[in-house]
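Have a look at the structure below before the remarks.
The values are calculated or read from the model by the stated rules, or taken from the named source; none is laboratory data. Fair warning: this is a prediction, and the values are worked out from it, not measured in the lab. Counting neighbours? That spans all protein chains shown, and the Cβs are built from the backbone with ideal geometry, glycine included.
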Amino acid sequence: MSNLEERGFFERFRKDPLPAIGMGGFFGVIGYSLWNYRRRDATTKASVYVIQTRVAAQGLVIGLLTVSLGFHMYESYLNRQKPHETALNYHKYHPDKPTTSN
């Protein structure tokens with residue numbers, strides 16, 4: 001894998017880590033279910049075990065969506081700047097834009 005491809009993956013992961021976390025969780029649930037399949041009770045049917053694995057995977061997805069929603073709500077509503085701070089920062093970084101005063 002070239003350095004450019006590695007850097008692209010990490011840049012995408014830094015911008016939005018949920019797909020990579022979801023894939024890791026998916027492989028984790030599948031790996032655990034395959035590893036634990038032989039160790040299950042003798043009274044548990046294979047179909048019931050598959051249903052339990054599906055419920056675990058769905059729980060992982062719901063948990064990730066809940067954490068993602070909470071994080072985005074925090075970024076959008078609780079961590080936003082006050083309007084006058086945003087305007088001051090805009091003119092600070094865009095000095096060529098004329099200001100309008102009423």
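The test for being more than 19 Å from Asp16 (Cα to Cα) and modelled with pLDDT of 80 or more holds for Ala56. Among the candidates Asp96, Asp41, the residue that is part of a loop (DSSP other than H, G, I, E, B) and at pLDDT below 80 is uniquely Asp96.
Filtering the range 18-31 to residues that are surrounded by 12 or more Cβ atoms within 10 Å (Cβ to Cβ), modelled with pLDDT under 85 and not small (Gly, Ala, Ser) leaves Leu18, Ile21, Phe26. Would you be able to tell me the number of residues in the range 69-92 that are modelled with pLDDT under 85, surrounded by 10 or more Cβ atoms within 10 Å (Cβ to Cβ) and part of a helix (DSSP H, G or I)? Adding up the residues that qualify gives 12.
Criterion applied to Leu34, Leu4 was being assigned to a helix (DSSP H, G or I), among the hydrophobic types (A, V, I, L, M, F, W, C), surrounded by fewer than 12 Cβ atoms within 10 Å (Cβ to Cβ) and at pLDDT below 85, and the one residue passing it is Leu4.
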